[in-house]
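Reviewing the structure listed below.
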Amino acid sequence: MPVPSDPDQYAELMARLALWRIKGVGPMLFRQLLWHYGQAQRLLTTQPASLTHLSPALRAALSDPDWEGAKGDMAWLAETSHYVLWDKTITPPEAWCLPEALSMIPVAPPLLFVLGDPTCLNCQQLAMVGSRKPTAYGLAIGYEFASQLAALNLVITSGLALGIDSHCQRAALAVGGKSIGVLAVGLDKVYPQCHQALAKQIIATGGALVSEFPLGTKPLPPHFPRRNRLISGLSVAVIVVEAALKSGSLITAHCAVEQGREVFAVPGSIRHGNFQGCHALIKEGAYLLESLADIHSVLPGLVDLAKLHPSVAPSVDRQGLTNMECSVLAVLEDTPLALNEIHGRLALPIEIVSGLLTTLVLKGYLKQDGLGFYLDST
């Protein structure tokens, strides 16, 4: 059951939900308080005068917890496919526990809200993150890797953000795979709002949305770095598809390193700022990612290339083509484009784009006329 049936466990869960809503109580303090007092109920019913080791502001907050908010959380949990997972180190019997991978990170969440199927959180996951304003090249490569990995029964985990994150999650669903969206808001809302349909599809296909934040939490800037540590904490490894030097994706990558996870980064043009973060990660020791073989060489038990199904191959036969050649074909799937238009959509120097177009014409993938370059369908 999403909510404990035992009255004592029910009361303790509501007390923890109320404690979690108190401003200034983060994961570490929450644990410290639980380890010291044993139960949230005991803590919240303790006279403030006996809490002399705590700050006056915290003592005041503990004396007046948000019970109404906690009741709202419990009402939410009573609905279908709504869950809250507890830290196993402070969980009573028969409660839903955090997935093993997440419970072992340095600052694990004491509570994790889940909308969808909580069992998917224990599946092997790969995080895929990147720019919110990606290049066509990044989108093409991200889609290619995500669809192939999902076809190998790996769950694609990301932040449901604009750009690379949601693009990779859609790719996973497109091949019948599963995805997990980690949010920086309460699960009573979807952020960004334009991804409500994607969120529903993730849940409908056996995935889940998760958040450590109580219902009603707004998308404040400090919440996103906290969210990022959960993306990496749930995953075996993090793939940074495309990222600038100040990208939040680098925060996810650095969290992964701290948590003992592997980090892979996709290289791009040295002339384009969107890939400077990826190149910086590679210089710091991240694995350069050009194909699934690179993941297989690091995590052979995770990626079995022999099981890659032909159904994940692109609609055009691209066997033997490089990732950059594939990115050019992806740009031209809808309409003919001139050289300058193609260059404007790719994070590549114009001389490289020109060379790629010439190669693809010679290989028979493209044709050229007065309108520009287009796919050869003959």
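The values are calculated or read from the model by the stated rules, or taken from the named source; none is laboratory data. This structure is a prediction, so every number in the text was calculated from the model and none was measured. Cβ: placed from backbone, ideal geometry, glycine included. Neighbour counts: every protein chain shown.
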With respect to Ala256, is the statement that it is more than 19 Å from Ser147 (Cα to Cα) and surrounded by fewer than 21 Cβ atoms within 10 Å (Cβ to Cβ) true?
no
Return the residues of segment 329-364 that are free of Cβ contacts under 8 Å to residues at least 40 places away in the same chain, touching a strand residue (DSSP E or B) at 6+ places or on another chain (Cβ under 8 Å) and surrounded by 14 or more Cβ atoms within 10 Å (Cβ to Cβ); say none if nothing qualifies.
Pro336, Leu337, Leu339, Glu341, Ile342, Leu357, Leu360, Val361
Quick one: what pairs do we get from segment 38-59, first residue closer than 14 Å to Trp20 by Cα and in a helix (DSSP H, G or I), second at pLDDT 85 or above and among the acidic types (Asp, Glu), C-beta under 9 Å, 6+ apart or different chains?
Ala40/Glu12; Gln41/Glu12
Given (1) within 24 Å of Gly273 (Cβ to Cβ); (2) at pLDDT 80 or above; (3) part of a loop (DSSP other than H, G, I, E, B), number of the condition Gly364 does not satisfy:
(1)
Is one or more of the residues making up segment 182-201 within 19 Å of Ala237 (Cα to Cα), buried (at least 24 other Cβ atoms within 10 Å of the Cβ) and either modelled with pLDDT of 95 or more or in contact with a strand residue (DSSP E or B) (Cβ under 9 Å, 6 or more places away or on another chain) (or both)?
yes
Is at least one residue of segment 289-305 acidic (Asp, Glu) and over 22 Å from Ser147 (Cβ atoms)?
no
List pairs: first in segment 94-120 and under 18 Å from Trp76 (Cα atoms), second in a strand (DSSP E or B) and of a type in the set (Gly, Ala, Ser), Cβ under 8 Å, 6+ apart or cross-chain?
Leu112/Ser211; Phe113/Ser211; Val114/Ala208; Leu115/Ala208; Gly116/Ala208; Asp117/Ala208; Pro118/Ala208
Limited to segment 215-253, what total is found for residues that are more than 21 Å from Gly186 (Cβ to Cβ), in contact with a Gly (Cβ under 7 Å, 6 or more places away or on another chain) and surrounded by fewer than 18 Cβ atoms within 10 Å (Cβ to Cβ)?
1
